[in-house]
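Contents: one structure, followed by commentary.
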Amino acid sequence: MAAAKTTATNKFLNRELSWIEFNDRVLREGLRRDIPLLEQLNFLSIVTSNFNEFFQVRVASVKRLLKNSPGGKDISGRTPKQQLKDISVRARQVMQAQQEALQKQIVPALAKEGFVYKRPKQFNVAQKEFAQEIFKAQILPLLTPLRTDSDEFPRIANLKWHAAFLLKPIAGIKIANKEFAAKPGAPIVALVQIPDAIPNLIWLPGDKESKDFTTVADLLLQYGSQLFDGYEASKSLLFNVALDADFAVDEDANDIVQAMQEVLVARQSSFAVRMVCDKSSSELQKFLAQKLNLKSDDIYAFDNLVDAATLCEIGDAENTDHLRNKRWENFPNAALPEDAPYWDSIKRGDVILHVPYESYNPVVKFLNDAADDPDVLSIKMTLYRTGRGSPIISALERAARNGKQVTVLVELKARFDEERNIAWADELEKAGVLVVYGLVNLKVHAKILMVIRREQDAFKRYVHLATGNYNPRTARIYSDLSLFTANHEIANDATKFFNIVTGYSALQKMKYLSMAPVDLKSKLLSMIQREIELSTPQTPGLIIAKMNSLADEEVITALYRANRAGVRIMLNVRGICMLLPGVPGMSENIRVVSIVDRYLEHSRVFYFQNGASPEIYLASADWMPRNLDRRIELMFPILDAAAFKEIKHVLDVYFESNINSYELKSDGSWVALKPKAGEEPKRAQEILYNEYKARNEKNKAPKTRFTVRRK
């Protein structure tokens, strides 16, 4: 599982390979036997879903580069051909390790817990009879076999599991209709998609001591030949295909919704990027590869293939709670009352919300209060991903029906959420909400909400700014920070921002908010330069930054320049990191760590020492070209002293962590951190959880009262 080594002469790591290394870190968490079994399985399942998106988007993009610009090189010095080769090698290593973990670690451990995975050859008599009956009654009617010898190869549904069958006529049986007979000399291959209408896991009859199960895929491979009267299946193959999803919407279209719907349709018939399959038939592998125009590097074949997502369905069974992490509560925010509106609380001082340690309910309540308050006149916000059945949408619709002016900037181009976004944008419009569909050529990724309220014959503006989406569902598992404020200057900036993105307003100078692609990047570069200028050998500068990805060449170059000026740089990067730390003369003062734990680290936090006047900023943007140059993003300062102290403490905890934490070395490898001899084990997320828990218990404790003696 070792990462491909780099040399000290490299200044930048390759983006795609760095993303694979993140998935290797996720995989390594899944290999840990000191965490509950279903949590191990969950990490392995995340690797699958991450790779699915990676191949659909990033690898498809590199394949386009190979076609259109084969001689070009990325900043790591690789041509598209070299990138694809390196991706294939490293991704194969990680996926092979994942399969070995599923087969040798997870499946045996499930059996010890009474959940026994059986292939058809392992069925006893009762299970065989049951499987045959359930296949005939509940699976067979849903199957649609597709022939492959017609003029046009059938469309393969993206990421859906299929079975391929190599057929041969049964001797002595004639095909009644010759039109349905195979062409002479052509292999007789049929494809069958596994239906979505039934669960993938099938529970088998067994004794009381165990719960035996199999999968729809296993039954299809075993009994699928029943679909082909007059033929027998000599070979079969389980496979799925990732299709290109790197489509851009026509930004000049008159109807952006229709243009996005056309993208969704096109995505289902795009070119194949990768095939995952079992090794049961090399003949069928070659046949499919040839039909799908895939090369050997695009085929990922494994013995006794196991699908992690299918095994995850075991979590729906009874008596599995002990196989999961103990539940961590989401605590209330002490500064925000549960039984009253927040207006007065926010006016008294800025409030930081840290989810999921703290509940996301305050954001929903803030919107609900605004929807129902007769003094609220207007609500403005951006929406990128908000999830199914969102209370955010319900509150906005109710606000509009209550006569408030509600403006929502909806980003339809949120990849893989486009269809859902179109649906609830339509809902909002029907409720009377003014919906603005993003900006031409720019994704709106900023997270901002503003409420305008009439108070004592004047207008008061309340602003919420966040590092994560307005999505109550993901707020349970994504670690994000947000700010509630009534600061007049920030409210002025928020007003200017909405005027810019929803109307024809010219770009305006904002005092506190920095906006990409206008001035966010230049602000970052100027603060790095300021750190260089203020740094001395006696008092070296300090930059601490936490983000999801670091891939912008200008920013990385500026950090290298700061390193040479003696500035200390501490980076916590969850995923892609193209900066190479620890190289003498280039990055010896730079440390890069990454945390992979039960919550997905999603917050973006930037600290600049600035001599004796330190500053902290939160942002919706990572330090990537797409965020800084091609998206509408926001970065905002933390001005309140108490909020500043709280966020700085959170940053410090992340860099003290020595469990569930990895460090990037100068050769490009990631090394798991462990407590040194005599060192206290420190797990960042557990420390933060316990701190919020203690704070909550302190807030709930009854206040001590003193009794005064009287005559």
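The values are calculated or read from the model by the stated rules, or taken from the named source; none is laboratory data. This is a predicted model, so every value here is computed, not measured. Positions of Cβ are generated from backbone atoms using ideal geometry, with glycine treated the same way; all protein chains shown enter the neighbour counts. Surface areas here come from the heavy atoms of the whole protein model, side chains and all, with no ligands, DNA or RNA. Shrake-Rupley method; radii C 1.70, N 1.55, O 1.52, S 1.80 Å.
In degrees from 0 to 90, rounded to the nearest 10, what is the angle of the helix 15-30 Cα long axis to the longest principal axis of the chain?
The angle comes out at about 80 degrees.
Mind checking which aspartates and glutamates have their C-alpha under 19 Å from K168, skipping anything on the same chain fewer than 8 residues away?
D149, E179, D229, E232, E283
Please state, rounded to one decimal and in Å, the Kirkwood hydrodynamic radius that the range 580-667 gives when every pair of distinct Cα atoms enters the mean of 1/r.
Radius from the Kirkwood sum: 15.1 Å.
Please identify the trypsin sites (Lys or Arg not before Pro) of the range 502-534 that satisfy two criteria: DSSP loop assignment and at most 12 other Cβ atoms within 10 Å. Which are they?
Answer in residue order: K509, K511.
Please tell me which of these pairs span more than 31 angstrom C-alpha to C-alpha: K63/K648; K63/K118; K347/K380; K128/K291; K326/K676; K509/K546?
From K63/K648; K63/K118; K347/K380; K128/K291; K326/K676; K509/K546, over 31 Å: K63/K648; K63/K118; K128/K291.
Calculated from DSSP H runs of 4 or more alone, at -39500 (n - 2.57) each and per residue, what is the 222 nm mean residue ellipticity of the chain, nearest 500?
Calculated mean residue ellipticity at 222 nm is -10500 deg cm²/dmol.
Taking amide hydrogens as modeled 1.01 Å from N in the peptide plane, which residues meet the under 5 Å criterion relative to C577, leaving out close sequence neighbours?
L550
Rounding to the nearest 10 and keeping the result within 0 to 90°, find how far the Cα-based axis of helix 361-372 lies from the longest principal axis of the chain.
With both axes taken from Cα atoms, the answer is about 70 degrees.
Show which aspartates and glutamates lie in cross-link reach of K208 when reach means a straight Cα distance below 17 angstrom and same-chain residues fewer than eight apart are skipped.
Qualifying aspartates and glutamates at Cα under 17 Å: E113, E318.
More than 46 angstrom separation, counting every C-alpha pair in the chain; what % is that?
27 percent
What part of the accessible area of the chain, given as a whole %, is carbon or sulfur when the probe is 1.4 angstrom?
Roughly 49 percent, rounded to a whole number.
Using the C-alpha gyration tensor of the range 294-448, what are the square roots of 5 times its eigenvalues, in whole angstrom, with the largest one first?
Computed over the range 294-448, the values are 37, 25, 15 Å.
How far is helix 282-291 tilted off the main Cα axis of the chain, in degrees rounded to 10, range 0 to 90?
60 degrees
What residues qualify as long-range amide H neighbours of R274, i.e. H under 5 Å apart, gap of 5 or more or another chain, H built at 1.01 Å from N?
When sequence neighbours closer than 5 places are left aside, the close amide H contacts are A242.
Which of the trypsin sites (Lys or Arg not before Pro) found in the range 17-80 are loop residues per DSSP with 15 or fewer other Cβ atoms within 10 Å of their Cβ?
Loop-located and lightly packed - R32, R33, K73.
Over its Cα atoms, what ratio of radius of gyration to 2.2 N^0.38 Å does the range 67-154 give?
1.86
Find the all-direction average of the projected area of the Cα convex hull for the range 313-392, expressing the result in square nanometres with one decimal place.
8.1 nm²
Can you run phi through the Karplus equation (6.51, -1.76, 1.60; θ = phi - 60°) for the range 116-131 and list ³J(HN,Hα) in whole Hz, with x for Gly and Pro?
9, 7, 10, 7, x, 5, 9, 5, 7, 4, 5, 5, 5, 5, 4, 5
In terms of solvent-accessible area of protein heavy atoms at a 1.4 angstrom probe, what is the ranking of D316, D375, highest value first?
D316, D375
Calculate, for the chain, the solvent-accessible area per residue in square angstrom, rolling a 1.4 angstrom probe over the heavy atoms of the protein chains.
On a per-residue basis, 46 Å².
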